[in-house]
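The values are calculated or read from the model by the stated rules, or taken from the named source; none is laboratory data. Bear in mind that the values here come from a model prediction, so they are computed numbers and not experimental data. No Cβ is skipped: glycine too gets one built from the backbone with ideal geometry, and neighbour counts run over all protein chains shown.
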Amino acid sequence: MAATAFSCSDKQEQQQQSSSTTTTMSSSAEESSSSAVESSSSISNALDAKVFEKILTFYTNYIFGDEFASDSVIAKYCTKELAQELSKAYNDEFSDGGGYAVWKFRSGAQDGEDIHEIEKIESLGDGKYLVHYNDMGNKGTHTITIVQQNGDIFFDKLD
């Protein structure tokens, strides 16, 4: 099984291979199995690359950037369930309503250095991605669970 990570400091994908158990197969079964693993691996790596890009873009523009996370932005990035959760958290905090608690993607720091960056994104498997970030000099992590709907990738849960 391969774990994939994207380091934003060097912008290079890093692959870590976990140890695999040895099994005995006939050579044709071995070739077939190897081909299936390669296909599955490249599909997984392609999906990971798309998810990494989506997370990085969202953080760069809407979490650490100056762009406003409007209804259409949240609909582009989040499932309806996560959008409702972010909306409820916003409404619980502010009486004006009509916003989203995008601060939940951050460390919660109020003051600090002028550093806002994603340091690394790791694929944990099962649609879960661990985001390592530096938010005003406060390093933190969040796990984002994604789902695919009609070929599009959406953030479904934030831990």
(request) Run C78 past the list (1) modelled with pLDDT under 95; (2) surrounded by 14 or more Cβ atoms within 10 Å (Cβ to Cβ) and report the number of the one that doesn't hold. (result) (1)
(request) For region 124-146, name all the residues that are small (G, A, S), part of a strand (DSSP E or B) and within 12 Å of the chain's Cα centre (by Cα). (result) G125
(message) Against the conditions (1) out of contact with any Asp or Glu (no Cβ under 8 Å at 6 or more places or on another chain); (2) in contact (Cβ under 8 Å) with a residue 40 or more places away in the chain; (3) among the aromatic types (F, W, Y); (4) not in a helix (DSSP H, G or I), where does Y59 fall short? Just the number, please.
(response) (4)
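For region 85-102, give me the residue count where each residue is exposed (fewer than 14 other Cβ atoms within 10 Å of the Cβ) and either within 17 Å of F68 (Cα to Cα) or among the aromatic types (F, W, Y) (or both).
Qualifying residue count, region 85-102: 4.
Assess whether I118 counts as being touching a residue at least 24 places away in the same chain (Cβ under 8 Å), surrounded by 12 or more Cβ atoms within 10 Å (Cβ to Cβ) and part of a helix (DSSP H, G or I).
no
For residues that are closer than 15 Å to K120 by Cα and crowded, with 18+ Cβ neighbours inside 10 Å, scanning just region 39-63, find the one that is modelled with the lowest pLDDT.
Taking the candidates together, the pick is D48.
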(request) Consider only pairs whose beta carbons are under 9 Å apart and that are at least six residues apart or on different chains; among these, list those whose first residue lies in region 131-155 and is at positive phi and whose second residue is of a type in the set (D, E). (result) M136/D111; M136/E113; M136/D114; G137/E113; G137/D114
(message) Considering only region 147-154, I want to know if a residue exists there that is in a strand (DSSP E or B) and of a type in the set (F, W, Y).
(response) yes
(request) Filter region 110-142 down to residues that are over 18 Å from T57 (Cβ atoms) and among the β-branched types (V, I, T) and give me whichever is modelled with the highest pLDDT. (result) T141
(message) Of the conditions (1) touching a helix residue (DSSP H, G or I) at 6+ places or on another chain (Cβ under 9 Å); (2) surrounded by 14 or more Cβ atoms within 10 Å (Cβ to Cβ); (3) of a type in the set (G, A, S); (4) closer than 19 Å to L56 by Cα, S107 satisfies every one except a single condition; which number is it?
(response) (1)
(request) For region 89-133, name all the residues that are polar (S, T, N, Q), more than 15 Å from L158 (Cβ to Cβ) and in contact with a Gly (Cβ under 8 Å, 6 or more places away or on another chain). (result) N91
